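Quick notes on the structure that follows.
Coordinate-derived values only; no laboratory data. Treat the numbers as computed from the prediction; the structure is a model and nothing was measured. Here the Cβ positions follow ideal geometry from the backbone for every residue, glycine too, while neighbour counts run over all protein chains shown.
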Amino acid sequence: MVDNFAIVPDGAAQSGRLQALDRFDILDTPREQPFDRIVRLIQTIFDVPIGIVSMIDGHRQWYKACSGMRNTEADLQNTFCRFTLEGPAPLIIPDATKDNRVAGNPHVTGDPHIRFYAGVPLRTRDGHNIGTVCAIGLEPRPFTAQQTEILASLAQIVMDELELRQQATLDGLTHVLSRRAFKDEGGRLVALARRHSQPLSCVVFDVDHFKSINDRLGHATGDTVLVEVAKASYVVSSASA
């Protein structure tokens with residue numbers, strides 16, 4: 001068995017990690033096909049019931065994509081991935097009941113009775129772990145070096161996707177400014193207004209009950225709604241300019 005220990009994150013390191021996570025502006029965003037494909041691949045390749053792509057902030061693990069579980073986030077103290085977050089290497093737990101770090105975890109002692117875990121940190125180019133890609137099973141099992149390498153490659157695909165999005169200025173679906181580009185442009189306009197002591201206004205559009213559209217009619221219909229809202233917003237903003 002592995003000796004038990006407590007995680008005590010270094011304050012400066014934690015601050016840098018959270019700033020790195022914030023740069024990607026990914027938390028609490030809708031589900032997206034590229035990440036959903038990754039978790040389905042995890043299930044298929046490794047024959048496990050649960051695959052997750054997650055981001056981890058200061059207190060929770062939030063699931064950008066998850067297949068095999070209904071919840072969308074978990075308290076950080078009750079996750080396996082908090083241990084994966086602490087190092088650069090993959091974490092493999094063949095039998096959770098025999099590992100002191102997680103043997104008492106409520107997801108081991110109760111539903112869904114996790115027994116196997118394999119996780120790889122999502123590591124930025126400047127060396128910060130912002131999340132994990134993991135495969136979870138309900139039976140103890142080995143995990144080979146080749147399988148670990150494959151999981152690490154899937155994690156790198158996720159990071160490549162995130163890094164490419166940072167460089168993009170337009171959202172691929174709606175063709176309006178991406179969240180990152182909007183924040184950058186908004187910051188520029190605020191600074192300009194302050195410098196010249198000019199008024200500045202912002203119009204916010206919100207789609208009521210959007211989640212129910214995805215739940216009842218599917219994500220394809222939800223995407224269509226977002227595109228049409230973006231078009232309507234553009235017409236309104238152009239008319240008022």
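For the chain, what is the mean residue ellipticity at 222 nm derived from helices alone (per DSSP H run of n ≥ 4: -39500 (n - 2.57); sum divided by total residues; nearest 500 deg cm²/dmol)? List each step's numbers first, then the result.
Working: 8 runs with 106 residues, N = 241.
The helix contribution divided over the chain gives -14000 deg cm²/dmol.
Treat the count of other C-beta atoms within 10 Å as a stand-in for reagent exposure and order S54, S153 from fewest to most.
Details: S54 25, S153 11.
If I rank by nearby Cβ atoms, fewest first, I get S153, S54.
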Please report how far the C-alpha centroid of the stretch 97-119 lies from that of the stretch 137-180, rounded to the nearest whole angstrom.
-> 25
Span-like helices, the chain: DSSP H, alpha-carbon axial extent 20 Å or more, mean Kyte-Doolittle -1.0 or greater, which ones?
-> 11-24, 145-167, 179-195, 219-240
